[in-house]
Amino acid sequence: MKKFILNFNEIGIEDIPEVGGKNASLGEMLKNLTPLGVNIPDGFAVTAFAYNYFLENSLYKNLNLKSYIQNVLKGLNTKNIKDLNKRGKLIREAIEKAQFPKELENSIIEAYHNLEKKYYKNVDVAVRSSATAEDLPGASFAGQQETYLNIRGFKELLKAVKFAMASLFTDRAISYRTDKGFDHFKVSISIGVQKMVRSDIGASGVAFTLDTETGFKNVVLINGVWGLGEMIVQGKVIPDEFLVFKPLLDKAPNPIVFKKLGDKNQKMIYFEPKGISTKNTKVIKTTEKEKQTYVLSDEEVLILAKWCLLIERHYSSKHNKWTPMDIEWAKDGKTNELFIVQARPETIHSQRDFSKIFEYQLLEKGDVITKGISVGNKISSGKANVILNVSDISKFKKGDILVTDMTDPDWEPIMKIASGIITDKGGRTSHAAIVSRELGIPCIVGTENATRKIKTGNLLTIDTTSAEGLVYKGILKYKTIEHDVSNLRKPKTKIMMNIATPDTAFEKSFLPNDGVGLAREEFIIASDIGIHPNALINYKKLGLELRKKIDKKTFGYKDKVQFYIDYLAYGIAKIGAAFWPNPVIVRFSDFKTNEYKTLLGGEIYEPNEENPMIGWRGASRYYHSQFKDAFRLELLAIKKVREEIGLNNIDVMVPFCRTPEEGKKVLNLIEKEGLLSEEHIKKSGSKLNVYVMCEIPSNILLAEEFLNIFDGMSIGSNDLTQLTLGIDRDGNEMIKHIANENNEAIKKLIREIINKCKEKNKYIGICGQGPSDFPEFAEFLVEAGITSISLNPDTIIKTILNILEKEKQLNKN
């Protein structure tokens, strides 16, 4: 006989038709993962059978509820938003006002009393809907139905259960089902009643067992806020963000490859309303201390990440395929315990064909109006439509770019016809971000000022191809490139990649590659840090105004030096994780004096040079008394990445090293920080390779001496061409035509250094611009026997095809 109530410990994933995805998942985890140490609060489900029994046995206006709803939905057109709104309201009112059959009401009360016996009188519970077609691989109803928090006592519970049932017929849910082809009465609803975790005085958030923007599967993404987690979903705050590298969980001391403090300027807490109400929460401002403190310790982040991985493994085993998960967590502020409160399959990237790679490239420059957090990896253009209130969504036209403060599920009818979305508030796991990912449209959240800077009717281009989403003025030209890499053979010559921005690394890792031949530190220092290292070292000696600017950039960090080490380490770690276990060669900073001067505080520490390109740069800075303390921070960042985070695929490279004597001085500094010691090998699990850039003729003329102290070389064809031919690499148009990397003088030097390295069995690669710009130059390198060629990501596919053809010709000969 079918039951009105099923306890969570009676439920498994096979019970989705009766209790829906959320409840089935909770039961599945309670039975299978609690023994492995995963904390899950107990509860019960009001079944789909109970819901249908209610519809068929409760009267409203002389009809049973089901017949009444069918009459209201006849002739529905979801594109007519006013009509949709009217019909949805009538249905919800009917469900909320109808009486439960007595036998159903008594079953719910009895189950609640049993929960009281386990915990305490008037136990506080969360009441969540769980649609029977919801949270299934291939169909996401996330946020479609309502959640009611801090429900106490059976009277309030009965009302909340009815409200949750009525939420199956919100405007957006009706619209979603109609558009996805779901029959309204084949989608039933079950209601989960779960012991509330006191996250209102603790913290809560969401976690995904992949990178939500790219589908990169080797990380767990965790977001968190103070108080109840609804603030993340609603996009009202920017949460703290943590990225944990899955393969090194339980292997490395602290495999957190990235973390960033969110603004967290508000939190949702409980309050006691007058009378019976399902709205038992309110939003208050957070304290300054809360804003500057992470909601989770590193230890807690790692515990959550391990739980998430256990959940993913369990569901992947159940489905016989990789099943990434979308998980909700909570931290009880009374007990400081962590809990998993929900888990559902992720429905976007789990369906993706990773053999098809799409690249979007802007073809012209434009003026940036505003910027924020990228969602998706696309470019789109259209006409702005600024709408601040959901009551005005009927003014929205198909193909417009929606500009608003933030969205919630009521905006869904127009989001699906937008060509892009821009919001003032929200983070990567806000409602706007989740829905736009599912719809496959580019979205920029957390701009803070889009609704003030953009007017309705403005023509815009939005670019979400990197972590920082940019909104440009006007319609800019762009192109879309599709790559199919499923049958692409690997050439004998190793094909590596040049990476400057850590935020593109996960996406670029899907391209065929053998690792990273050049990971530049400069972008991390300029964009993520933005402060001269010496200004952080000498922070206390600086003037008040400069300290205020530094404080703003280093929000949450009392130790300013640690800020530099951490953010440099996180940038490097993101690249290392993206391409793990393949090697990633990190070049130490190679800013020129004029470039260092643009950093905050840089004017104080940098001299004026007539020709910075051949001035105080590269190795000559590292051992200099005015910079060696700053260089030490780079070494500490490398140490953190290799020893703490555990990414021992990271190697390093010294740029612009004019003499072997300079090389020895730099190596002494590296050795001083313990990076060449046996202890470091023991901690990290491998030897750190130290390479030198081959970009000055002296590197080739004195190759023997350089190779005696370094582990190999990487050719910097840009500088080598400039210094061999005396041609300005910054592009003096009057002499640019004279020669490039294809010049015989350059080729002669390169042949010589390739042979020297091979004689000494040392690494030899190239990471300069040449092979990316000139296909024939890449072919020459293959013919000369180079070990690896590191290319710009946008030239990888075409260069591989050229190299395969060249190798074929060489084999014939």
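The residue of segment 533-565 that is most open to solvent (accessible area, probe 1.4 Å), among those that are basic (Lys, Arg) and within 24 Å of Glu288 (Cβ to Cβ), is Lys558. Checked against (1) on the phi < 0 side of the Ramachandran plot; (2) open to solvent by less than 50 Å² (accessible area, probe 1.4 Å), Asp794 passes all but condition (2).
Being assigned to a strand (DSSP E or B) and not basic (Lys, Arg) is the filter here; which residues of segment 115-130 pass it? Scanning segment 115-130 gives Val125, Ala126, Val127, Ser129, Ser130. Scoring Leu363 on the criteria (1) closer than 23 Å to His431 by Cβ; (2) at pLDDT 90 or above leaves a single failure, condition (1). In segment 725-737, the count of residues that are over 21 Å from Ile803 (Cα atoms), open to solvent by less than 10 Å² (accessible area, probe 1.4 Å) and not in a strand (DSSP E or B) is zero.
When you scan segment 785-797, do you find a residue that is part of a helix (DSSP H, G or I), among the hydroxyl-bearing types (Ser, Thr, Tyr) and closer than 19 Å to Lys490 by Cβ, even just one? Taking every residue of segment 785-797 in turn, at least one turns out to be part of a helix (DSSP H, G or I), among the hydroxyl-bearing types (Ser, Thr, Tyr) and closer than 19 Å to Lys490 by Cβ. Counting just the residues of segment 480-501 that are at pLDDT 90 or above and touching a strand residue (DSSP E or B) at 6+ places or on another chain (Cβ under 8 Å), which one comes out farthest from Asp211 (Cα to Cα)? In this case the residue turns out to be Thr493.
Looking only at segment 302-350, residues that are under 30 Å from Asn487 (Cα atoms), outside any loop (DSSP other than H, G, I, E, B), without any contact (Cβ under 8 Å) to a residue 40 or more places away in the chain and open to solvent by 30 Å² or more (accessible area, probe 1.4 Å) come to 2 in all. Residue check, Ser625 against (1) outside any helix (DSSP H, G or I); (2) touching a residue at least 12 places away in the same chain (Cβ under 8 Å); (3) more than 30 Å from Pro247 (Cα to Cα); (4) of a type in the set (S, T, N, Q), all met but one. Which one? Going through the list (1) outside any helix (DSSP H, G or I); (2) touching a residue at least 12 places away in the same chain (Cβ under 8 Å); (3) more than 30 Å from Pro247 (Cα to Cα); (4) of a type in the set (S, T, N, Q), Ser625 breaks only (2). Of the residues in segment 88-97, at least one is of a type outside the set (D, E, K, R) and more than 26 Å from Gly192 (Cβ to Cβ). Screening Gln722 against (1) open to solvent by 50 Å² or more (accessible area, probe 1.4 Å); (2) not in a loop (DSSP other than H, G, I, E, B) leaves a single unmet condition, (1). Inside segment 667-717, can you point out the residues that are touching a residue at least 12 places away in the same chain (Cβ under 8 Å), farther than 15 Å from Ile650 by Cβ and among the charged types (D, E, K, R)? Within segment 667-717, Glu695, Glu704, Glu705 meet the criteria. For the residues Leu90, Leu76, Leu84, Leu55, the requirement of being in a helix (DSSP H, G or I), open to solvent by 20 Å² or more (accessible area, probe 1.4 Å) and of a type outside the set (D, E, K, R) singles out Leu90. Number of residues in segment 12-71 that are on the phi > 0 side of the Ramachandran plot and within 31 Å of the chain's Cα centre (by Cα) equals 2. Summed over segment 578-597, the residues that are of a type in the set (Gly, Ala, Ser) and either open to solvent by 80 Å² or more (accessible area, probe 1.4 Å) or part of a loop (DSSP other than H, G, I, E, B) (or both) give a count of 1. Set side by side, the residues Leu600, Leu647, Leu568 differ, and just one is in contact with a Lys or Arg (Cβ under 7 Å, 6 or more places away or on another chain) and either closer than 30 Å to Phe506 by Cα or crowded, with 19+ Cβ neighbours inside 10 Å (or both), which is Leu600. When the residues of segment 105-129 are narrowed to those that are open to solvent by 10 Å² or more (accessible area, probe 1.4 Å), of a type in the set (S, T, N, Q) and out of contact with any Lys or Arg (no Cβ under 7 Å at 6 or more places or on another chain), which ends up farthest from Leu158 (Cα to Cα)? The qualifying residue farthest from Leu158 (Cα to Cα) is Asn114. Search segment 381-395 for residues being within 12 Å of Thr451 (Cβ to Cβ) and open to solvent by 50 Å² or more (accessible area, probe 1.4 Å), and hand back the single one that is farthest from the chain's Cα centre (by Cα). Residue satisfying both the conditions and the ranking: Asn389. Restricting the search to segment 23-45, which residues are part of a helix (DSSP H, G or I) and either free of Cβ contacts under 8 Å to residues at least 60 places away in the same chain or surrounded by 19 or more Cβ atoms within 10 Å (Cβ to Cβ) (or both)? Across segment 23-45, the qualifying residues are Asn23, Ala24, Ser25, Leu26, Gly27, Glu28, Met29, Leu30, Lys31, Thr34, Pro35.
Residues that are in a strand (DSSP E or B) and more than 21 Å from Glu213 (Cα to Cα) within segment 447-466 comprise Leu459, Leu460, listed in sequence order.
Looking only at residues of segment 739-761 that are assigned to a helix (DSSP H, G or I) and among the basic types (Lys, Arg), we find that the one that is least open to solvent (accessible area, probe 1.4 Å) is Lys747.
Within segment 277-301, the set of residues being in a loop (DSSP other than H, G, I, E, B) and over 26 Å from the mean Cα position of the chain (by Cα) comprises Ser277, Thr278, Lys279, Asn280, Thr287. Can you work out which of the residues in segment 656-695 that are of a type in the set (Asp, Glu) and outside any loop (DSSP other than H, G, I, E, B) is most open to solvent (accessible area, probe 1.4 Å)? Ranking the qualifying residues of segment 656-695, first place goes to Glu678. Just one of the listed residues (Lys356, Lys398, Lys378, Lys365) is basic (Lys, Arg), within 20 Å of Lys453 (Cα to Cα) and open to solvent by 60 Å² or more (accessible area, probe 1.4 Å), and it is Lys365.
The values are calculated or read from the model by the stated rules, or taken from the named source; none is laboratory data. Keep in mind that this is a model prediction, so the values were computed, not measured. Neighbour counts are summed over all protein chains in view; Cβ atoms, including those assigned to glycine, are modelled from backbone coordinates with ideal geometry. Side chains included, ligands, DNA and RNA excluded: accessible areas come from the protein's heavy atoms. Shrake-Rupley method; radii C 1.70, N 1.55, O 1.52, S 1.80 Å.
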